[in-house]
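As structure tokens, the structure follows; a few thoughts come after it.
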Amino acid sequence: MLAVEVENLTVGYSGIVAIQDVTFEMPHPSILAIIGPNGAGKTTLLKAILGILKPMKGEVKVFGFNIEENIHTVRKLIGYVPQREKISENIPLRARDIVLLGRLIRQGPLAIPTKNDILATKNALKSVLLPPETWNKKFSELSGGQKQKVLIARALVFNPKLLLLDEPFSAVDAPSQRELMDLLVHLKIKHNVSTIIVTHDINPIVEKIDYLLLLNRQAIAFGKPKDVLTDENLTRAYGIRVRLLTHEGVCYAIIGDYHA
Ligand SMILES: Nc1ncnc2c1ncn2[C@@H]1O[C@H](COP(=O)(O)OP(=O)(O)O)[C@@H](O)[C@H]1O
Ligand SMILES: [Mg+2]
């Protein structure tokens, strides 16, 4: 089964092209990372997969459904964590409230939570491996990594089959970044959830992902990480000399001039 099929996809804003002729297929369940420089069109591509942006050309299918023809079905299959989500730090929402609100928001204002809503909230918090003692903590008092897990739990509250995470690593320290990647592997194996993760930084992800799309307005390369991560592809994507060094299983991108 394929989670996502993107074919010759061109998307833009007011007729100005942002991404052009992008083609790739993502098997289910799997983890796909999208990397590329600022303005490469990474967020645009996620929004096209969600059906928020319409193709100028080409098509997107999610679990076999063409998104333009089946937008409501597709929306139910996807959980989305947008880039730089700002949950107000002044409102004393607890972790569990944030997840529950993700559930109630689809039911309109003044929705009263049912037993099923409460149960779905608990299950989502469990599925992201947050310990119960954190459920009642104020969101503002959680660490960057824990906040990200709460936002992922909220995206999972309707049991989607595909998770879209737009730059989830900002404000998350390196050990927590690795923990989040372990969580995505856990969700894939135990909950049959595929994930597309957009990030700048390949270091914490390279060992855990199944596929990598290198994007810079076009698909520079798509495939297994080791096939995509060549000096030549990276240089084409970033427009400057980039070289990868692997040292004790950790991958380092060296950007700019280098003399080894
Ligand atoms: N709402 C918008 N209106 C007009 N242009 C936009 C809008 N959002 C993004 N763009 C443009 O589309 C291109 C890709 O942006 P984006 O998808 O946000 O890139 P990335 O997420 O890779 O940094 C950029 O040139 C950006 O300026
Ligand atoms: Mg972006």
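The values are calculated or read from the model by the stated rules, or taken from the named source; none is laboratory data. In this text the structure is predicted, and so the values were computed from the model without any measurement. Methodologically, a virtual Cβ is constructed for each residue, glycine included, from the backbone with ideal geometry; neighbour enumeration extends over all protein chains shown. Please note that ligands, DNA and RNA were not included when accessible areas were found on the heavy atoms of the full protein model with its side chains. Shrake-Rupley method; radii C 1.70, N 1.55, O 1.52, S 1.80 Å.
The table that follows gives values for the structure above.
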quantity	calculated
Positions within the range 10-39 being at positive phi, in contact with a strand residue (DSSP E or B) (Cβ under 7 Å, 6 or more places away or on another chain) and within 15 Å of ligand 2 (Cβ to nearest atom), in sequence order	GLY36
Restricting the range 158-191 to residues that are charged (D, E, K, R), more than 16 Å from ligand 1 (Cβ to nearest atom) and in a loop (DSSP other than H, G, I, E, B), the residue that is surrounded by the most Cβ atoms within 10 Å (Cβ to Cβ)	LYS161
Where a residue in the range 97-120 is within 14 Å of LEU156 (Cβ to Cβ) and its partner, wherever it lies, is among the β-branched types (Val, Ile, Thr), with Cβ under 6 Å and at least six apart	ILE98/VAL150; VAL99/THR121; VAL99/VAL157; LEU100/THR121; GLY102/VAL157; ARG103/VAL157; ALA120/VAL157
Test: residue in the range 136-143 that is open to solvent by 20 Å² or more (accessible area, probe 1.4 Å), more than 30 Å from LEU2 (Cα to Cα), assigned to a helix (DSSP H, G or I) and modelled with pLDDT under 95	yes
2 or more residues more than 16 Å from ligand 1 (Cβ to nearest atom) and over 25 Å from ALA171 (Cα atoms): qualifying strands (runs of 3 or more DSSP E) within the range 1-120	2-13, 16-27, 57-62
Considering residues of the range 192-217 that are surrounded by 17 or more Cβ atoms within 10 Å (Cβ to Cβ) and either of a type in the set (Lys, Arg) or over 15 Å from the mean Cα position of the chain (by Cα) (or both) only, the residue nearest to ALA155 (Cα to Cα)	LYS208
Of residues in the range 6-27 being buried (at least 17 other Cβ atoms within 10 Å of the Cβ) and within 17 Å of LEU77 (Cα to Cα), the one nearest to the chain's Cα centre (by Cα)	MET26
Of the criteria (1) modelled with pLDDT under 80; (2) at negative phi, which one GLY239 fails	(2)
Which numbered condition ALA124 fails, given (1) of a type in the set (A, V, I, L, M, F, W, C); (2) more than 20 Å from HIS191 (Cα to Cα); (3) assigned to a helix (DSSP H, G or I)	(2)
Residue check, PRO92 modelled with pLDDT under 95 and within 16 Å of ligand 2 (Cβ to nearest atom)	no
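Conditions tested, residue by residue: (1) over 23 Å from LYS188 (Cα atoms); (2) within 16 Å of ligand 2 (Cβ to nearest atom).
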| site | (1), (2) |
| --- | --- |
| THR43 | no, yes |
| LEU50 | no, yes |
| LEU53 | yes, yes |
| LYS57 | yes, no |
| VAL60 | no, no |
| GLU69 | yes, no |
| GLY79 | no, no |
| PRO82 | no, yes |
